[in-house]
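Only the coordinates and a few stated rules stand behind these numbers; no lab work does. Quick caveat: nothing in here was measured; it's all calculated off a predicted structure.
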Amino acid sequence: MEITKLSKRNHYEEIAEQIKRLIVDGKLQVGDKLPSTKEMSEQFGVGRSTMREALSALKAMGYIEIRQGGGCTVINSAPVEVELPELVSMRMNRETLLELLEARQSLEVSNASIAAGKASAADVAALRALVAEMEATIGDDAEGERTDLLFHRTLAEATHNSIMVRLFESIVGQLELAIREIRRVEIYANRSVAERLYREHLAIFEAIELRDAALAGERMKQHLEHVVSNLLKVL
């Protein structure tokens, strides 16, 4: 692949944009397999977690398919529109945002419970690594946002249920775009809030590691109630 090595780390959006441009320009064709995550992370000069996040973003946009074991194949050369027209004006619609937050809670509580029963050893290892990254980057708003989103996306994938993953990508993906700036300023840049979020993610992870579905769901519920209470102060 013709790529440009990044000058800064953790720019998963820039990586996704480069690969997307290769697909749209026809340099990568439908059916082509991408290099391994290890090869691409070395080519871009980033860690594997950042590379996986870029690939997950491309999957959410409908450009690639990620198969069990990490193989990625180009499946589309044009963006897939998410069929949620009621979200078009949601940035100006507080009621829709509140409904999305409620829908997210129901979805992610279920994801946590299902993942507690179905997560593979690789899923558990990935979640453990993300929790460690969260602890190491408390107070860094950009890293806080990145690891938080990746934790929840990885958790959805740990359900091994393609419908749950698609629901996550459509509902949560749109919601995060709508509240991104508010969330970054009000949550991730606040060290005390960031420390509490780390502890909450750790608690969710520990419940999943214990394979306790009820506890994982309850801890996710408590976590999201805390997040919503912070957002409601400024929405």
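Numerical summary
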{"read-out": "Cα-based equivalent ellipsoid of region 10-74: semi-axis lengths in Å, sorted from largest, via gyration tensor", "value": "16, 13, 11"}
{"read-out": "Square roots of five times the Cα gyration tensor eigenvalues for region 189-233, Å", "value": "22, 12, 4"}
{"read-out": "Links that overshoot a 26 Å alpha carbon limit, given the list LYS20/LYS221; LYS118/LYS221; LYS27/LYS59; LYS59/LYS118", "value": "LYS20/LYS221"}
{"read-out": "Vicinal HN-Hα couplings computed from phi for region 40-46 (Karplus, 6.51 cos²θ - 1.76 cosθ + 1.60; Hz; Gly/Pro x)", "value": "5, 5, 5, 5, 7, x, 10"}
